[in-house]
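Trainee: I have a structure I would like to understand better, so I am pasting it below and will then ask my questions one at a time.
The values are calculated or read from the model by the stated rules, or taken from the named source; none is laboratory data. This is a predicted model, so every value here is computed, not measured. Note that each Cβ is placed from the backbone with ideal geometry, even for glycine, and that neighbours are counted across all protein chains shown.
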Amino acid sequence: MHTGMANLPLHGHHCPRWLFERMTRLGTAIVEAVVEEYGPREILFRMSDPFWFQSLGCVVGFDWHSSGLTTVLCGAIKQGLANRQRELGVFFAGGKGVTSRKTPGEIEAYTEKYGLPDHVAQLQYSSRMSAKVDSAAIQDGYQIYHHSFIFTGDGSWAVVQQGMNPDRGWARRYHWLSVNLENYIQEPHAAVCGKRGPQTLNMVSRESGLARDFSVFMAGEPPEKTITELKKIAALAAQKQTLLQLPGAHPVPQAGRIEKTLRRLYDLAPRNYEQLLAVPGVGPATVRAFALVGEVVYGVRASHSDPVRYAFAHGGKDGHPYPVDRKNYDRSIVMLETALRRARTGDRDKMDALRRLAHLEKGANRQIDFYKSGGGV
């Protein structure tokens, strides 16, 4: 599974209408070109790659280091492909804020409208779990506010979602890809970009395996036992005793507020951590409660490692690295749209030229790397 994160500063500026319209046309044409050359599933691979995604945002003219790149780019592509999704075989659901909560309904609506194979339940579950992992199982201080879910007719999918931390002034983007996905709860982030945070609870780290197992064990214990231990830990924290250095960003949850969830878990008796995490009502407080009890009482330590690890063509929205050249931008749109139209009628000269250009660029980059490594004189 290829996934990643990127930290970006929060920007409050709006994308001007003239630029958004061009972003929609050019972004749509690029997606169509990728599908034309490689098929619809390739879009999932590209969208799940944080470097390619960032480059696409730069190419269509958004700020390379802006949080808005994620939300505006996904919105522009979704709007541009609204009437082309069935033809291309790739479907965009979700978005920013309230729109993100419409994802399950959009998945079902697309399936019914276009007569797709019935993967609705699986796709809805994947959408829900990817958001649950990044909001509860990874507690890095970022609140998820954007969730884009992209899928194909065969049930494959990718997710681009973003969280914000207003206090730090940063946003963080999370990418998911279903291909070769074995589970949702161990090392789901393989290509992680960004700045590491100081305090993180990472329950999907490989190092947290015992902590996950202990959480499942505690879910099967009477809720009173967990509540009693939480109250003891809260008392220790209140007295500022140094028996354990609890991460400051993850306060001890109030036992009374999660008692209902603990009782639901006890009744359902989840068999593994994924089932535990999938239960409605299980959120950051419940995850943290089990992790704290495991560490303080039983010495089962969860990981606190942060799972984290660009191409200008038309300028940037705010004038960086230079203002958008509208004439050059429109010329790029016309060239790509013309190439696509001709390719559909059998005239592939322009598309072949673009492919040769890409191959030449890759070859040049390899040659530069060769000389940098000392392979040339």
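Trainee: Does any residue of segment 91-98 turn out to be surrounded by 15 or more Cβ atoms within 10 Å (Cβ to Cβ) and of a type in the set (Val, Ile, Thr)?
Mentor: The answer is no, given that none of the residues of segment 91-98 is surrounded by 15 or more Cβ atoms within 10 Å (Cβ to Cβ) and of a type in the set (Val, Ile, Thr).
Trainee: Continuing with the same structure: Considering only segment 252-302, give the helices (runs of 4 or more DSSP H) lying wholly within it that have at least 1 residues that are farther than 19 Å from Gly209 by Cβ and of a type in the set (Asp, Glu).
Mentor: Per the criteria, 255-268.
Let's see how each residue does on (1) touching a Leu at 6+ places or on another chain (Cβ under 7 Å); (2) under 28 Å from Asp154 (Cβ atoms); (3) at pLDDT 75 or above:
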position: Pro9; (1), (2), (3): no, no, no
position: Trp18; (1), (2), (3): no, no, yes
position: Glu36; (1), (2), (3): yes, yes, yes
position: Leu56; (1), (2), (3): yes, yes, yes
position: His65; (1), (2), (3): yes, no, no
position: Gly80; (1), (2), (3): no, yes, yes
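Trainee: Residues that are among the aliphatic types (A, V, I, L, M): list the helices (runs of 4 or more DSSP H) wholly contained in segment 24-98 that include at least 3 such residues.
Mentor: 41-47, 68-80
Trainee: Here is a follow-up. Looking at (1) closer than 26 Å to Arg301 by Cβ; (2) not in a strand (DSSP E or B), can you tell me which one Glu108 breaks?
Mentor: All conditions pass for Glu108, except number (1).
Trainee: Taking segment 111-122 as the region of interest, how many residues are assigned to a helix (DSSP H, G or I) and surrounded by 14 or more Cβ atoms within 10 Å (Cβ to Cβ)?
Mentor: Summing the residues that are assigned to a helix (DSSP H, G or I) and surrounded by 14 or more Cβ atoms within 10 Å (Cβ to Cβ) in segment 111-122 gives 3.
Trainee: On to the next question. Among the residues in segment 183-193, are any among the charged types (D, E, K, R), closer than 19 Å to Ala136 by Cα, at pLDDT below 90 and not in a strand (DSSP E or B)?
Mentor: Within segment 183-193 (the criterion being among the charged types (D, E, K, R), closer than 19 Å to Ala136 by Cα, at pLDDT below 90 and not in a strand (DSSP E or B)), the answer is yes, since at least one residue qualifies.
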